[in-house]
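Notes for the one structure printed next.
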Amino acid sequence: MTVESLVVFEKIDTHVGLLTLRRPQRLNALSFTAVKQLQALLDRLMDDIDTRVVILTGAGKGFCAGADLKAQVSGEQGAWDASKGRIQSDYLMQQAYASITAKLRRIPQPLIAAVNGVAAGAGFSLALACDVRIASPRARFNCAFTSIGLGGGDVGSSYFLPKILGSSLAAELMYSGRFIEADEALATGLVSRVCDDQSLLESAIEMARQFVTNTSPFGLRITKETINHVSEGMSLEQVLQLENRNQVMALQTADFSESVSAWTRNEKHVYTDH
Ligand code: T3D
């Protein structure tokens, strides 16, 4: 039996990759199969340093409506692990959904979420786990967990939301499950840009290419590592130590010496990562 691809990875060009959640009829809700496919694709990206930046988006009119509730209630996908007890199986399932967030942060590529529509529940968490979010006017975000009897923090939302939005708005969203629409998302810094539907993906690609052109491959990787470490909570001294270590390593790369040399000739160096 062939399994439908619910998540597709394609190269836009040599260094920019596009991950598309592809189940538009369910607003790209994450079934167990989709979770497993996403896990596998992210595992591959872990070692794919030719791909320097990754864009995450959804097919159709939604970004991702969170866990596939229809698949759960209809029984079409059964338990995560039918050989286990209910609690054990549900815990494995939760760990699998949560592993997506961990993998999104762990892969070396900076992630740009091109949020083309609703991002609910785990779909909101996916967007939060990306480095940059840009949105179409149709984008809206909510902690849908709240509305179905779950806690308001899931798949990393309670980690990211206070950092991105501050504790008051984060708590309001987690307690209420209310939607934050594109204009409010822009005003509060949840997204860095709102573009019309037609130009959203093009804007994400343009931003990704800007990252590739303006920052060395090693620089991109160590910047993402730094963002990860700093967001875990570090003292100023620890941050300075980490930045110093990174810059001393970067100073030894050919991309550093060659770009400085190109600068003296008023030329632009093309980064190669050799
Ligand atoms: O439980 C666990 O597995 C633990 C993990 C939890 C993580 C979570 O993500 S929990 C949160 C799950 N998500 C939700 O609760 C959101 C449910 N969906 C909605 O509230 C609404 O659909 C939206 C607000 C997202 C969008 O509303 P709207 O009016 O724009 O679209 P719609 O008409 O409701 O949805 C379009 C179709 O997508 C519709 O199918 P139909 O009737 O056209 O055949 C709808 O049923 C389907 N759909 C939307 N969300 C989901 C879904 N199908 C499966 N799962 C969904 N989550």
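The values are calculated or read from the model by the stated rules, or taken from the named source; none is laboratory data. Since the model is a prediction, treat every value here as computed from it, not as a measurement. Cβ atoms come from the backbone with ideal geometry, glycine included; neighbour counts cover every protein chain shown. The protein model used for the area step is the full one, side chains on, heavy atoms only, and it has no ligands, DNA or RNA in it. Shrake-Rupley method; radii C 1.70, N 1.55, O 1.52, S 1.80 Å.
Restricting attention to the stretch 102-157, the residues being under 8 Å from the mean Cα position of the chain (by Cα), of a type in the set (D, E, K, R) and not in a loop (DSSP other than H, G, I, E, B) number 1.
Matching residues to (1) assigned by TED's automatic domain parsing to the domain that holds SER158; (2) of a type in the set (A, V, I, L, M, F, W, C); (3) touching a residue at least 60 places away in the same chain (Cβ under 8 Å); (4) more than 17 Å from LEU111 (Cβ to Cβ):
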position	(1), (2), (3), (4)
GLY177	yes, no, no, yes
ALA204	yes, yes, yes, no
LYS224	no, no, yes, no
ILE227	no, yes, yes, no
GLU237	no, no, no, yes
SER259	no, no, no, yes
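Within the stretch 135-160, residues that are outside the structural domain of TYR175 (by TED's automatic domain parsing) reach no partner that is surrounded by fewer than 21 Cβ atoms within 10 Å (Cβ to Cβ) with beta carbons closer than 8 Å at six or more positions or on different chains.
If a residue must be open to solvent by 40 Å² or more (accessible area, probe 1.4 Å), hydrophobic (A, V, I, L, M, F, W, C) and more than 9 Å from the ligand (Cβ to nearest atom), how many such residues does the stretch 113-159 contain? Within the stretch 113-159, residues that are open to solvent by 40 Å² or more (accessible area, probe 1.4 Å), hydrophobic (A, V, I, L, M, F, W, C) and more than 9 Å from the ligand (Cβ to nearest atom) number 0.
A quick yes/no check of all residues on (1) hydroxyl-bearing (Ser, Thr, Tyr); (2) within 16 Å of VAL35 (Cα to Cα); (3) at pLDDT 95 or above:
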site	(1), (2), (3)
ALA65	no, yes, yes
LEU69	no, yes, yes
GLU76	no, yes, no
ALA102	no, yes, yes
ALA114	no, no, yes
SER125	yes, yes, yes
VAL132	no, no, yes
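For the stretch 193-212, does any single residue satisfy the condition of being more than 19 Å from the chain's Cα centre (by Cα) and either basic (Lys, Arg) or farther than 26 Å from ASP13 by Cβ (or both)? Among the residues of the stretch 193-212, not one is more than 19 Å from the chain's Cα centre (by Cα) and either basic (Lys, Arg) or farther than 26 Å from ASP13 by Cβ (or both), which makes the answer no. The set of residues in the stretch 182-236 that are within 22 Å of ILE164 (Cβ to Cβ), surrounded by fewer than 17 Cβ atoms within 10 Å (Cβ to Cβ) and among the charged types (D, E, K, R) comprises ASP183, GLU184, ARG193, GLU225, GLU232. Can you list the strands (runs of 3 or more DSSP E) lying wholly within the stretch 8-65 that have 3 or more residues being over 24 Å from THR213 (Cβ atoms) and within 16 Å of the ligand (Cβ to nearest atom)? Of the strands (runs of 3 or more DSSP E) lying wholly inside the stretch 8-65, those with at least 3 residues that are over 24 Å from THR213 (Cβ atoms) and within 16 Å of the ligand (Cβ to nearest atom) span 62-64.
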